[in-house]
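Accompanying notes for the structure given below.
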Amino acid sequence: MLHLSLDDRDLVLDETAEFLWFRLAVAVTVGELAEAVAAEYGIGPDEVRSDVGEVVGTLAAAGFVQERSRR
């Protein structure tokens with residue numbers, strides 16, 4: 001588990017969210033993150049894509065990451 005703190009916001013990340021957190025150091029898409037999770041845990045990317053999007057959305061809403069559109 002990883003504990004993140006920013007100003008008055010705190011988040012505790014479980015194992016999978018921590019896995020995503022360390023991959024967010026570079027610009028990646030939710031699809032790329034889903035593929036990485038799928039490869040790590042031996043499941044299909046379509047099975048985890050919505051969960052990955054939810055974790056990224058939670059991190060963005062709390063101000064820990066910024067979502068950007070690719071051009």
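Details
- For the pair residue 24 and residue 41, the difference between a 0.36 nm per residue extended length and the Cα-Cα distance amounts to 4.3 nm.
- Sequence-distant residues sharing a close amide H with residue 13 (under 5 Å, placed H): 2, 3, 4
- Convex hull of Cα atoms in the chain, direction-averaged projection (nm²): 4.8 nm²
- Long hydrophobic helices in the chain: the complete DSSP H runs spanning 15 Å or more by Cα along their own axis with mean Kyte-Doolittle hydropathy of at least 0.5 are 30-41.
Read-outs throughout are calculated quantities, based only on the coordinates presented, and are distinct from any laboratory measurement. None of these values were measured; they are calculated from a predicted model.
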